[in-house]
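All remarks here apply to the structure that follows.
The values are calculated or read from the model by the stated rules, or taken from the named source; none is laboratory data. This structure is a prediction, so every number in the text was calculated from the model and none was measured. All Cβ positions, even for glycine, are placed from backbone atoms using ideal geometry, and neighbour counts span all protein chains on display. These accessible areas exclude ligands, DNA and RNA; they are computed on the full protein's heavy atoms, side chains included. Shrake-Rupley method; radii C 1.70, N 1.55, O 1.52, S 1.80 Å.
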Amino acid sequence: MEGLEEARERLKAAQRVAVLTGAGISKPSGIPTFRDAEGLWRDFNPLDYATPEAYARDPQGVWAWYAWRIAKVLEARPNPAHLALVRLEEEVLSRGGAFLLVTQNVDGLHARAGSRNLVELHGNILRARCEACGHRFLLPDPFTPPPFCPLCGHRARPDVVWFGELLPEGAWEKSEKAFAEADVALVVGTSAEVEPAASLGRIAFAGGGYLIEINPEPTPLTPLAHLSLRMGAVEGLALFPPPAEDQAEGHFP
Ligand code: APR
């Protein structure tokens with residue numbers, strides 16, 4: 001495949017690797033995407049569920065929708081694509097390199113897979129945030145929505161970033177720096193339509209980074225990518241096997 005050999009060499013030699021993932025990487029785990037043919041936004045209007053105004057209007061309805069999504073997340077398991085990124089992180093760190101995985105996903109599957117240098121840009125659906133004191137806490141399983149703050153007793157909201165809201169403190173700065181300095185940037189499973197995450201690929205390219213995209217569909221980032229693999233995350237990431245010595249130790253994706 002044109003360009004794959006160069007991409008492999010670049011990734012093997014890279015000292016600074018930045019990865020951005022979107023809902024597509026979790027689709028093989030049974031978590032719906034948003035804008036795909038069978039994505040969530042086909043059946044649910046984001047303005048009714050994923051904005052502060054929607055929550056103010058109907059907190060029970062928004063919490064019921066998140067409880068439904070949380071149940072799906074709790075049933076799901078990390079898939080080989082999540083695990084391949086854990087192995088990539090280990091490999092880059094073992095050679096003294098820098099690695100950052102930035103995810104738009106709120107399903108927590110990267111953390112469950114074992115990713116360490118991780119930024120959850122849009123928050124985490126398994127956490128709630130007190131509407132009064134801002135305390136963040138993991139939701140008990142099972143839980144009856146709405147949850148109440150264990151510290152001050154006020155009602156808590158999903159600890160996710162809704163449309164029109166700010167990203168978690170420092171998350172954007174850390175992500176932007178990693179992509180601006182990346183030797184290789186991987187963008188996996190995102191439609192690259194939602195800012196500011198969608199800019200990270202362009203920031204890496206502008207910084208001289210080698211940009212690899214993995215997505216069964218083309219995206220606004222495709223024309224910029226040095227290599228755009230028109231395939232799913234599991235298949236695409238499996239094209240970047242660990243160096244031979246790792247195979248001997250059984251580091252299989
Ligand atoms: N492997 C990789 N990519 C896939 C796969 C797969 N198996 N299946 C589908 N895709 C791709 C689709 O082609 C699409 O480009 O995943 C992408 C999913 O795009 P979206 O549904 O728009 O999800 P995402 O890009 O993560 O959305 C960004 O928008 O709604 C907000 O906050 C929400 O974090 C979300 C943000």
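Apply the a/c threshold of 1.5 to the C-alpha gyration tensor of the stretch 55-198 and tell me whether it is rounded, prolate or oblate. Note, shape of the stretch 55-198 comes out prolate. Under 20 Å from a label point set 7 Å out along the Cα-to-Cβ vector of residue 6, the amide N atoms of the stretch 211-227 belong to 211-215, 219, 221-227. Database remark: amide H of residue 187 closer than 5 angstrom to the amide H of 20, 212, 213, 214 (H placed geometrically; neighbours at sequence offset of 5 or more, or on other chains; Pro and chain starts carry no H). Rounded to the nearest whole Hz, the Karplus-based 3J(HN,Hα) values (6.51 cos²θ - 1.76 cosθ + 1.60, θ = phi - 60°) of the stretch 212-218 follow the sequence 10, 10, 10, 6, x, 10, x, with x at glycine and proline.
FRET efficiency for the pair residue 57 and residue 148, taken as 1/(1 + (r/R0)^6) with r the Cβ-Cβ distance and R0 = 22 Å, rounds to 0.65. For the chain, the longest principal axis of the alpha carbon atoms and the long axis of helix 4-13 meet at an angle near 80°. In summary, the lysines within cross-link reach of residue 177, defined as a Cα separation below 23 angstrom excluding same-chain residues under 8 places away, comprise 12. Sorting the Cα pairs of the chain by distance into bins of 10 Å, from 0 upward, gives 7, 31, 35, 19, 7, 1 percent per bin.
I need the shape label for the stretch 45-136. Rule: rounded when a/c is under 1.5, else prolate if a/b > b/c, else oblate, with a, b, c from the alpha carbon gyration tensor.
Cα axes put the stretch 45-136 in the prolate bin.
With helices as the sole contributors, the chain gives -9500 deg cm²/dmol at 222 nm; each DSSP H run of n ≥ 4 counts as -39500 (n - 2.57), and the sum is divided by every residue. For the stretch 3-94, the relative contact order works out to 28 percent when only alpha carbon pairs closer than 8 Å and six or more residues apart are counted. Of all aspartates and glutamates in the structure, the ones whose alpha carbon falls short of 12 Å from that of residue 27, not counting any fewer than 8 places away in one chain, are 36, 38, 107. For the stretch 1-95, the Cα gyration tensor yields ellipsoid semi-axes of 36, 15, 14 Å (square root of five times each eigenvalue, largest first, whole Å). In this structure the amide hydrogen of residue 154, modeled in the peptide plane, comes within under 5 Å of the amide hydrogens of 149, none closer than 5 places in sequence on its chain. Element breakdown for the chain at a 1.4 angstrom probe: carbon and sulfur atoms account for 55% of the accessible area. Straight-distance candidates among the aspartates and glutamates for linking to residue 174, with alpha-carbon spacing under 17 Å and chain neighbours fewer than 8 residues away dropped: 89, 120, 183, 195. Each Cα pair under 8 Å and six or more residues apart adds its separation to the average, and for the chain the resulting relative contact order is 23 percent.
Annotation: peptides 169-180, 133-144, 198-209, ranked by per-residue average of other Cβ atoms within 10 Å with the highest first, follow the order 198-209, 169-180, 133-144.
Simple rule: put +1 on each Lys or Arg Cβ and -1 on each Asp or Glu Cβ in the chain, find the dipole, and look at 46, 184, 13; the Cα lying farthest toward the positive end is 46. In loop segments of the stretch 90-125 as defined by DSSP, the trypsin sites (Lys or Arg not before Pro) with at most 15 further C-beta atoms inside 10 Å of their C-beta are 95, 116.
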